[in-house]
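Working notes, beginning with the structure itself.
What follows is calculated from the coordinates using simple rules that are stated; it is not laboratory data. Remember, it's a predicted structure, so these values are computed and weren't measured experimentally. Don't worry about glycine lacking a Cβ; one is built from the backbone with ideal geometry, like all the others, and counts go over all protein chains shown.
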Amino acid sequence: MLAFTRATLRTPIVRSVRSAISALAAAAALGALFGPATARAADTAITVVAAENFYGDVVKQIGGANVNVTSILSNPDQDPHLFEASPKTARALQHARVVVYNGADYDPWMTKLLGATAGQSNEGNPRAIIVAADLVGKKPGDNPHLWYDPQTMPAVARAVGAALDAADPAHKSVYDANLATFLGSLKPIDAKVAALRAQYKGQPVTATEPVFGYMSDAIGLDMRNLRFQLATMNDTEASASDIAAFERDLRERRVRVLIYNSQATEALTRRMLGLAKQAKVPTVSVTETQPAGVNFQQWMLAQLDSLSRALATK
Ligand SMILES: [Zn+2]
């Protein structure tokens, strides 16, 4: 059993969290000076902060015009595992009535920042904190890429619906209807997973990083080279034997597909991508963060379609 434990926390992260917390304290003091007049903007939307933009998207789909969502990780060109919280992150959190984050050590900076702000927003309103990992029974050491597990988003969406109902009971019927629409819109993803499973269960595949792991498990694929993937995720060095095993899988075409995390690239993963192309092993590019211009459902379906095409390649 491989543990998806994070590499030792580097001091810059600790330092930046600490400075973020002191910035938060300073901002709180400013808030006390200027009072709620500056905080009370024209809109009455519920302020929500999501650590990751796919959770933010789900909040938007359920809250509609009644929520004002800030997503902290939203750049599909950056490696979220290397993210460091900044004073800007801390400031965004101050006013949040609802906070959503992944947990399972994917975003440990959130726990630290929230610890400094306690269970209420800067205005003294109660704050709902939704942790995806808690909803699906995952903990540090488990694969943290929970949003690729078809079980996760329905659970997060239900929790978001309940939090919005509680924060804004006047719009409960809107949130409940939007939740039902959202849950229904996940059905094509489940159908696609089932279809792939029926056709490709047990087929060997590999990946440069574990981001797609839960989806691969749901399809029943035989995912190889997990230790290599973990080294990529943790930004540590893969062992010579793990690298050799990965290269052999590609050169000898022992895998049907290479799943390539285009957000966790380094010389070694790029080399594997090159080897796959030489050996004519089909590749599927996946990202950790939701790309701009698509919603969560479209993003997942596009990646499943791409996997389906790759698996169909002879
Ligand atoms: Zn990752």
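When only alpha-carbon atoms are used, what values of Rg and Dmax, in angstrom, describe segment 188-312?
So, for segment 188-312, Rg and Dmax equal 13.9, 41 Å respectively.
For segment 164-180 and segment 118-151, what is the separation of their C-alpha centers, rounded to whole Å?
20
Using only the Cα atoms of segment 127-237, build the gyration tensor, take square roots of its eigenvalues as a ≥ b ≥ c, and label the shape rounded, prolate or oblate: rounded if a/c is under 1.5, else prolate if a/b is larger than b/c, else oblate.
It comes out oblate by the Cα gyration axes.
Of all the Cα-Cα pairs you can form in the chain, what percent are over 36 Å apart?
The answer is 22 percent, as a whole percent.
Once the Cα atoms of helix 267-279 and of the chain are each reduced to a long axis, what angle between those two axes, in degrees from 0 to 90 to the nearest 10, is obtained?
Between the helix axis and the principal axis of the chain, the angle is about 40 degrees.
Answer rounded, prolate or oblate for segment 182-257, using the Cα gyration tensor with square roots of eigenvalues a ≥ b ≥ c: rounded when a/c is under 1.5, else prolate when a/b is larger than b/c, else oblate.
The shape class here is oblate.
When a footprinting reagent is the concern and you count Cβ atoms within 10 Å, what order do Ser285, Ser121, Ser306 take, fewest first?
With the fewest neighbours first, Ser285, Ser121, Ser306 line up as Ser285, Ser306, Ser121.
Calculated from DSSP H runs of 4 or more alone, at -39500 (n - 2.57) each and per residue, what is the 222 nm mean residue ellipticity of the chain, nearest 500?
Calculated mean residue ellipticity at 222 nm is -16000 deg cm²/dmol.
Which order do Arg309, Arg97 fall in if you start with the one that has the fewest other Cβ atoms within 10 Å?
If I rank by nearby Cβ atoms, fewest first, I get Arg309, Arg97.
With 18 Å as the cut-off, how large is the P(r) tail for segment 81-134, expressed as percent of Cα-Cα pairs?
27
Cα-based Rg of segment 157-212 per 2.2 N^0.38 Å, rounded to two decimals?
Here the answer is 1.72, to two decimals.
With the crude spin-label approximation of a point 7 Å out along Cα→Cβ, what separation in nm comes out for Thr181 versus Ala194?
Taking the two extended label points, one gets 2.4 nm.
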